[in-house]
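First up is the structure itself, then whatever we jot down about it.
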Amino acid sequence: MAATGQIALTVVMGVFLLAVATFLSRIEDWRSYTPLTGGGYGYAEPTGQAHEEKPAGIIRWLTTVDHKDIGLLYGTYGIIAFAWGGIAVLLMRAELAAPATDFIDPNLYNGLLTTHGITMLFLFGTPIIAAFSNYFIPLLIGADDMAFPRINAIAFWLLPPAAILIWLGFPLAMLGFNVEPAQSSWTMYTPISAERGLSSNPNVLNPGMDFMLLGLHLSGVSATMGAINFIATIFTERGDDVGWPDLDIFSWTILTQSGLILFAFPLLGSALIMLLLDRNFATTFFTAEGGGPLLWQHLFWFFGHPEVYILVLPPMGLVSLILPRFAGRKLFGFKFIVYSTLAIGVLSFGVWAHHMFATGIDPRLRASFMAVSMAIAIPSAVKVFNWITTMWNGRLRMTTPMLFCIGFISNFIIGGVTGVFLAAIPVDLVLHDTYYVVGHFHYIVMGAIAVAGFAGIYYWFPIYTGRMYQKKLAHMHFWLTMIGTNVTFFAMLFLGYGGMPRRYATFLPQFATMHQLATVGAFIMGIGQLIFVWNIVLSWLEGPHAPADPWKLGEDGMLTKEWTWFEKKQETALTDGGEADSAHTSDE
């Protein structure tokens with residue numbers, strides 16, 4: 001009966017995906033789209049397929065193909081996912097405040113661990129970057145919209161069902177269905193992911209795992225569609241005055257990221273399908289008598305380590321774009337930062353086996369991967385020195401975006417240096433699968449990627465809201481985030497040095513102090529994010545109107561195309577009968 005149910009589920013999902021593909025194939029003109037409101041503020045020629053104005057209310061958001069609207073949808077989605085993942089980890093950290101099991105049983109802990117990792121990487125990290133790139137890439141390169149606006153919309157609308165499938169195990173378990181959340185961790189190592197059954201009946205496979213795999217596959221399809229769109233847009237939609245030498249650094253990083261996605265995500269999709277077949281149709285891709293469990297690790301990490309750079313390269317681009325605006329100087333070594341971005345993109349596909357040093361692979365292979373893993377630190381270091389040199393002797397203005405850029409550099413240095421240690425085989429064999437790896441990884445994901453995202457949100461807040469945020473709340477958000485990040489993840493580094501293994505719901509009493517310190521830091525971070533959400537929502541609704549050049553970039557000759565667009569937008573609003581409001585809260 002259980003096998004029949006699994007087969008029926010797979011057939012239903014296959015029919016659904018086929019129906020979606022059939023529907024999409026009937027759309028004849030992929031490039032038609034709704035224009036910008038107010039007559040259009042883009043730089044390219046009108047397409048001749050315009051509606052006079054956007055529909056109002058919820059219909060606008062359900063039907064829009066405007067890149068700015070889709071950027072806002074991505075941002076909202078990313079923040080919701082960030083909240084889900086953050087709540088999951090706070091529950092885990094509360095449980096880890098004491099050595100024994102207190103209020104979360106190990107199965108629920110494993111479910112929270114899995115959903116936290118997958119949510120933060122696939123449902124927050126990639127979409128929040130897509131929010132910036134969708135909204136601002138066309139503006140930065142002088143394009144009217146994305147190359148394929150409808151594909152752009154479809155790429156976003158694949159994400160809500162992906163999130164529902166990934167999270168579905170939790171509500172179904174609470175409602176009493178014979179389903180549990182996936183408990184494989186975000187790496188989904190076989191044989192656990194291929195054979196793990198229900199806690200109540202280990203002989204019955206958990207449908208929650210299948211839901212999660214299907215949702216993950218949808219998110220990969222979404223990312224791949226978006227990557228194709230960005231490559232096409234940057235290659236074909238640039239304005240006449242934007243040649244390759246004039247392309248901004250953020251667009252360079254998005255272009256590189258899109259190339260990595262094209263090579264990495266299809267492999268993940270293939271591996272997920274193979275795992276689904278193993279689970280539901282008794283194939284042997286990852287069984288001992290077939291391909292073997294290590295095959296999954298090779299396939300997953302060939303995707304998984306480029307995924308780290310898929311997530312970190314665009315934040316590097318954000319910092320490279322924003323930091324010079326508040327240093328009063330042009331970015332030092334622009335060409336070297338572009339070259340180092342491309343070098344990271346190429347080298348990222350040659351380091352995956354450093355995650356597998358402890359698996360017993362050929363020592364000669366280990367040595368080669370160690371060499372490339374250390375070499376990839378060089379282009380990252382080039383960027384760090386260029387950022388520092390850009391600030392050197394500059395006219396620094398400690399606005400909130402600048403503070404978060406500096407916080408990014410600080411955390412990225414710690415995360416990067418700890419990663420170099422893990423690239424050395426002897427050190428990795430000692431620290432592998434300890435909390436040291438968790439601390440290193442989270443310095444990059446939360447300490448660098450999320451912090452750079454906050455810099456971008458605050459820097460462009462006047463453009464997508466027309467208002468200014470509250471400076472004091474923004475500074476509180478910065479300091480609580482930085483303090484919480486370093487308290488939490490430094491404690492994890494020390495836990496790893498002490499030998500504390502990762503992914504455990506209980507631990508020996510000797511680790512209690514550092515776990516409690518990490519828990520305190522996590523809740524400090526959580527309070528900071530509550531202040532962030534409050535500030536964003538309140539300022540969006542009631543904040544003072546922003547001037548055309550809220551950061552006074554024109555004084556240093558630092559205005560870029562998106563701010564020119566914003567100025568034209570305000571002029572058009574005044575022409576159409578809007579009221580000027582020069583009052584604003586400075587963040588100087």
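Name the single residue, out of those in the stretch 175-213 being hydroxyl-bearing (Ser, Thr, Tyr) and in a loop (DSSP other than H, G, I, E, B), that is most open to solvent (accessible area, probe 1.4 Å). Among them, the one singled out is 200. Among the residues of the stretch 433-455, those identified as within 21 Å of residue 505 (Cα to Cα) and either among the β-branched types (Val, Ile, Thr) or buried (at least 19 other Cβ atoms within 10 Å of the Cβ) (or both) are 434, 435, 436, 437, 438, 439, 440, 441, 442. Within the stretch 520-563, the set of residues being outside any helix (DSSP H, G or I) and either open to solvent by 20 Å² or more (accessible area, probe 1.4 Å) or aliphatic (A, V, I, L, M) (or both) comprises 544, 545, 546, 547, 548, 549, 552, 557, 558, 559, 560. A single member of 255, 218, 275 is over 26 Å from residue 321 (Cα atoms) and open to solvent by 10 Å² or more (accessible area, probe 1.4 Å), and it is 218.
The conditions of being within 21 Å of residue 326 (Cα to Cα) and either surrounded by 14 or more Cβ atoms within 10 Å (Cβ to Cβ) or at pLDDT 80 or above (or both) are not met by residue 571. For the stretch 138-156, the set of residues classified as part of a helix (DSSP H, G or I) and over 17 Å from the mean Cα position of the chain (by Cα) consists of 138, 139, 140, 141, 149, 150, 151, 152, 153, 154, listed by residue number. Here is the figure for the stretch 300-317: residues that are open to solvent by 10 Å² or more (accessible area, probe 1.4 Å) and touching a Phe, Trp or Tyr at 6+ places or on another chain (Cβ under 9 Å) total 4.
Answer yes or no: is there a residue in the stretch 331-351 that is in contact (Cβ under 8 Å) with a residue 12 or more places away in the chain and basic (Lys, Arg). Within the stretch 331-351, none of the residues are in contact (Cβ under 8 Å) with a residue 12 or more places away in the chain and basic (Lys, Arg).
Looking at the stretch 54-113, which of its residues are small (Gly, Ala, Ser) and either part of a helix (DSSP H, G or I) or within 26 Å of the chain's Cα centre (by Cα) (or both)? Hits for the stretch 54-113 are 57, 71, 75, 78, 81, 83, 85, 86, 88, 94, 111.
Would you check if residue 118 is under 30 Å from residue 195 (Cα atoms), surrounded by fewer than 20 Cβ atoms within 10 Å (Cβ to Cβ) and not hydroxyl-bearing (Ser, Thr, Tyr)? Considered against the rule, which asks whether it is under 30 Å from residue 195 (Cα atoms), surrounded by fewer than 20 Cβ atoms within 10 Å (Cβ to Cβ) and not hydroxyl-bearing (Ser, Thr, Tyr), residue 118 comes out as no.
Set side by side, the residues 225, 274, 316 differ, and just one is modelled with pLDDT of 95 or more, within 30 Å of residue 359 (Cβ to Cβ) and part of a helix (DSSP H, G or I), which is 274.
Of the residues making up the stretch 503-513, one or more are under 26 Å from the mean Cα position of the chain (by Cα), without any contact (Cβ under 8 Å) to a residue 24 or more places away in the chain and more than 30 Å from residue 471 (Cβ to Cβ). Taken over the stretch 454-502, residues that are farther than 15 Å from residue 406 by Cβ, in contact (Cβ under 8 Å) with a residue 12 or more places away in the chain and not polar (S, T, N, Q) amount to 30. Restricting the stretch 357-382 to residues that are in contact (Cβ under 8 Å) with a residue 60 or more places away in the chain and closer than 27 Å to residue 413 by Cβ, the residue that is most open to solvent (accessible area, probe 1.4 Å) is 358. Going through (1) surrounded by fewer than 22 Cβ atoms within 10 Å (Cβ to Cβ); (2) under 30 Å from residue 372 (Cα atoms); (3) under 22 Å from the mean Cα position of the chain (by Cα) one by one, residue 425 falls short only on (3).
Residue 172 fulfils the conditions (1) in contact (Cβ under 8 Å) with a residue 60 or more places away in the chain; (2) farther than 25 Å from residue 141 by Cβ; (3) surrounded by 15 or more Cβ atoms within 10 Å (Cβ to Cβ) except for a single criterion, (1). Of the residues that make up the stretch 148-165, is at least one over 26 Å from residue 252 (Cα atoms) and charged (D, E, K, R)? For the stretch 148-165, residues over 26 Å from residue 252 (Cα atoms) and charged (D, E, K, R): absent. One residue stands out in the stretch 383-420 among those that are open to solvent by less than 60 Å² (accessible area, probe 1.4 Å) and not in a helix (DSSP H, G or I): the one that is farthest from residue 470 (Cα to Cα), namely 394. The C-beta contact set for the stretch 143-155 (first residue open to solvent by 30 Å² or more (accessible area, probe 1.4 Å), second residue of a type in the set (S, T, N, Q) and not in a loop (DSSP other than H, G, I, E, B), distance under 6 angstrom, 6+ apart or interchain) comprises 148/229; 151/229. Looking at the stretch 309-322, is at least one residue in contact (Cβ under 8 Å) with a residue 24 or more places away in the chain and farther than 30 Å from residue 388 by Cβ? No, there is no match, as no residue in the stretch 309-322 is in contact (Cβ under 8 Å) with a residue 24 or more places away in the chain and farther than 30 Å from residue 388 by Cβ.
The values are calculated or read from the model by the stated rules, or taken from the named source; none is laboratory data. Everything numeric in this text was worked out from a predicted model, so none of it was measured. With ideal geometry, Cβ positions are generated from the backbone for all residues, glycine too; neighbour counts draw on all protein chains shown. Surface accessibility is based on the protein's heavy atoms, side chains included, excluding ligands, DNA and RNA. Shrake-Rupley method; radii C 1.70, N 1.55, O 1.52, S 1.80 Å.
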